[in-house]
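What follows draws every value from the coordinates through simple rules; no lab data is involved. Since this is a predicted model, take the numbers as computed values, not measurements. Using ideal geometry, Cβ is built from the backbone for each residue, glycine included, and neighbour counts are taken over all protein chains shown.
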Amino acid sequence: MSAVLDHELAERSRQGDREAWEVLARRYAPRLAGYLGARLRRPEIVEMLVSEALYAAWRKIDELDDPADFAAWLRRIGANLALRWHGKHKHERLHGGFPEERCGGDAELISGMQRLEYCIGKLHEGERMALEQRFRGGLSGDNLAEALHRSPEEAEGLIDKALARLAAFYYEPGIETGSGPVVIEPPGGLDE
């Protein structure tokens, strides 16, 4: 079933085909997480919103007018849920720090991840979106270009620019991450 086009899966889902829906959900969950994650940098909230969006989309699949518009339709559902979540949680930050428990108590790794999180936050939203879609959403080529509403060349250029800026921010000396300065030396070949 992997060769089946998205619009065919969406049409079959509209007819109640759960297997087709499961394939669509597996394909689009990472993309939606990338889209939401670029704006709301709290992984636990993004995961919750992706689950809610997929559930809502399955319940409302008969409201999808054009199966070819499935990706945009699902993004709108996710975006609306994110806006509602933010409206109910205005006092909460839109981004959280990297969960230190994932680092197993390794102070150097924690420091590096905090620095990376800080540097990602310094990128423009479009750059974060491109990186989220590439690395969390697993998109490349035409799929990445479509998700970013750009030509494939522009999308790749944006990825290159975002990665270059991220590296420049990461290796900038004396960055403050909120938990004190983080000093990490660049690898030997970077200055050459």
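Give the order of VAL23, VAL46 when sorted by the count of other beta carbons within 10 angstrom, beginning with the fewest. Could the numbers behind the result be given before it?
Numbers: VAL23 18, VAL46 23.
Sorted ascending by nearby Cβ count, the order is VAL23, VAL46.
Would you please classify the overall shape of the range 24-170 from the alpha carbon gyration tensor, given that a ≥ b ≥ c denote the square roots of the eigenvalues, rounded means a/c under 1.5, and beyond that prolate means a/b larger than b/c while oblate covers the rest? Don't skip to the answer; put the middle values down first.
On the way: a/c = 2.15, a/b = 1.31, b/c = 1.64.
Verdict is oblate for the range 24-170.
Put in order of Cβ neighbour count within 10 Å, fewest first, the listed residues PHE70, PHE169, PHE135 become PHE135, PHE169, PHE70.
With the convex hull drawn over the C-alpha atoms of the range 6-88, the volume per residue is 80 Å³.
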